[in-house]
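K.L.:
Dropping the structure in here first, questions after.
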Amino acid sequence: MESCRIYNCARCHIQVVICSHCDHGNVYCSGGCAEISRRESVRKAGARYQGNKKKGAKKHAARMERYRERLRNSKKVTHQGSASLSQDDLLSANSEPLSETVNPTPSARTSITFSADRCHFCGKRCTKCLRNRFLGGRRVPTVNKRK
């Protein structure tokens, strides 16, 4: 049995159990919250950079100008495109509407169930006593008092 830590995911707030082998300072669950939070963080950083009046805004304007120039130069068509579908086309009786085929968002976690006695990342069995802090913890340095 493995020593485990219990915490709440920083994004979706579900309770997570993680063994000491998988624990690398995790704050997110194993359901993709880390990737989603990373994308949000990068997007916000890019928005802050582009909102910068000096360097960011100028580089963004230059990049957009290059992009528009590429669009103007790429109007040469060498292949026929796909035929566009009309909204009035008939569907077969067993076809499903498009709105039902959309994947649910990762934040809709009602169907995910985790066991409190196993690591949510690797599935190893855990001891019944769970930690709520990291192994080793924060060490407070001792102060040498002089006379």
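K.L.:
Quickly run through the range 14-35 and pick out the residues that are under 19 Å from L130 (Cβ atoms) and not aliphatic (A, V, I, L, M).
P.N.:
The answer is Q15, C19, S20, H21, C22, D23, H24, G25, N26, Y28, C29, S30.
K.L.:
Just name the residue that is surrounded by the most Cβ atoms within 10 Å (Cβ to Cβ) out of those in the range 1-57 that are of a type in the set (D, E, K, R) and within 18 Å of R118 (Cα to Cα).
P.N.:
R5
K.L.:
Among R118, R38, R11, R109, which is closer than 30 Å to F134 by Cβ and modelled with pLDDT under 65? Break it down stepwise before answering.
P.N.:
On the way: R118 fails: modelled with pLDDT under 65; R38 fails: modelled with pLDDT under 65; R11 fails: modelled with pLDDT under 65.
Going through R118, R38, R11, R109 in turn, the sole match is R109.
K.L.:
Is there any pair with a first residue in the range 29-54 that is free of Cβ contacts under 8 Å to residues at least 40 places away in the same chain and a second that is assigned to a loop (DSSP other than H, G, I, E, B) whose Cβ atoms are under 6 Å apart and which are 6 or more apart or on different chains, and what are they?
P.N.:
Close Cβ pairs (under 6 Å, with a partner that is assigned to a loop (DSSP other than H, G, I, E, B)) amount to A34/Y28; S37/R11.
The values are calculated or read from the model by the stated rules, or taken from the named source; none is laboratory data. Since this is a predicted model, take the numbers as computed values, not measurements. Cβ coordinates were reconstructed from backbone atoms using ideal geometry, including for glycine residues, and neighbour counts include every protein chain displayed.
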